[in-house]
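The values are calculated or read from the model by the stated rules, or taken from the named source; none is laboratory data. Quick caveat: nothing in here was measured; it's all calculated off a predicted structure. With ideal geometry, Cβ positions are generated from the backbone for all residues, glycine too; neighbour counts draw on all protein chains shown.
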């Protein structure tokens, strides 16, 4: 096996589909900080099985996405380890089915991340052409805080960028 990246943050979702765009919103905010060379932040969009190389390269994998667990819309959701693939059985969108498949393939190939977590929010609406719903937009800060806490638990601390990232 090749050397693995310490941590991959994989932001998923389609910003053209309302609350499914949560990953893109959080991605931009996390990229504004310098996490060091052992954290790679990736826009996974709705890539499905094309995510396999990134997942297999991860020692630790943090997924950021809208996560439908049947909770009150806007609820910040944290899933750890074995909970993540099981909770993806109820698909919110096609990329989640792909992620479950990607995780299963990585496991079969002996390249499953050593640690796995997901942070997201219970969506209110997934509608083409709509922005994030107000309740999900208000939850973005909570999702970012939960992601930062998980990264800190894995030993990663962000610093302000000296070289601003152009969006």
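Residue by residue through the stretch 3-13, note down the ones that are crowded, with 20+ Cβ neighbours inside 10 Å and over 11 Å from the mean Cα position of the chain (by Cα).
First, the residues of the stretch 3-13 that are crowded, with 20+ Cβ neighbours inside 10 Å: 7-13.
Once the filter is applied, which keeps residues that are crowded, with 20+ Cβ neighbours inside 10 Å and over 11 Å from the mean Cα position of the chain (by Cα), the stretch 3-13 yields only 7.
Could you tell me which residue of the stretch 29-62 is modelled with the lowest pLDDT, considering only residues that are touching a helix residue (DSSP H, G or I) at 6+ places or on another chain (Cβ under 7 Å), assigned to a helix (DSSP H, G or I) and under 24 Å from residue 100 (Cβ atoms)?
Only one residue tops the list, namely 48.
Please tell me if residue 28 is closer than 29 Å to residue 134 by Cα and surrounded by 15 or more Cβ atoms within 10 Å (Cβ to Cβ). Before you say what the answer is, go through the steps one by one.
Numbers: closer than 29 Å to residue 134 by Cα: yes; surrounded by 15 or more Cβ atoms within 10 Å (Cβ to Cβ): no.
Here the answer is no, as residue 28 does not meet what is asked.
If you check 161, 125, which single one turns out to be under 20 Å from residue 24 (Cα atoms), touching a residue at least 40 places away in the same chain (Cβ under 8 Å) and in contact with a strand residue (DSSP E or B) (Cβ under 7 Å, 6 or more places away or on another chain)?
Values: 125 fails: in contact with a strand residue (DSSP E or B) (Cβ under 7 Å, 6 or more places away or on another chain).
Exactly one of 161, 125 is under 20 Å from residue 24 (Cα atoms), touching a residue at least 40 places away in the same chain (Cβ under 8 Å) and in contact with a strand residue (DSSP E or B) (Cβ under 7 Å, 6 or more places away or on another chain), namely 161.
Which residues, counting only those in the stretch 43-62, are more than 23 Å from residue 130 (Cα to Cα) and buried (at least 18 other Cβ atoms within 10 Å of the Cβ)?
To start, the set of residues in the stretch 43-62 that are more than 23 Å from residue 130 (Cα to Cα) comprises 49-62.
Once the filter is applied, which keeps residues that are more than 23 Å from residue 130 (Cα to Cα) and buried (at least 18 other Cβ atoms within 10 Å of the Cβ), the stretch 43-62 yields 51, 52, 54, 55, 56, 57, 58, 60, 61, 62.
On the basis of being over 14 Å from residue 67 (Cβ atoms) and either modelled with pLDDT under 75 or out of contact with any strand residue (DSSP E or B) (no Cβ under 7 Å at 6 or more places or on another chain) (or both), does residue 85 make the cut?
Values: over 14 Å from residue 67 (Cβ atoms): no; either modelled with pLDDT under 75 or out of contact with any strand residue (DSSP E or B) (no Cβ under 7 Å at 6 or more places or on another chain) (or both): yes.
No, not satisfied.
Restricting the search to the stretch 106-145, which residues are under 19 Å from residue 64 (Cβ atoms) and in a helix (DSSP H, G or I)?
106, 135, 136, 137, 138, 139, 140, 141, 142, 143, 144, 145
Can you tell me which residues in the stretch 54-77 are within 11 Å of the chain's Cα centre (by Cα) and over 17 Å from residue 7 (Cα atoms)?
Applying the first criterion (within 11 Å of the chain's Cα centre (by Cα)) to the stretch 54-77 yields 61-67.
66, 67, listed by residue number.
Sort out which residues of the stretch 9-56 are closer than 21 Å to residue 110 by Cα and in contact (Cβ under 8 Å) with a residue 60 or more places away in the chain, and write them in order of number.
9
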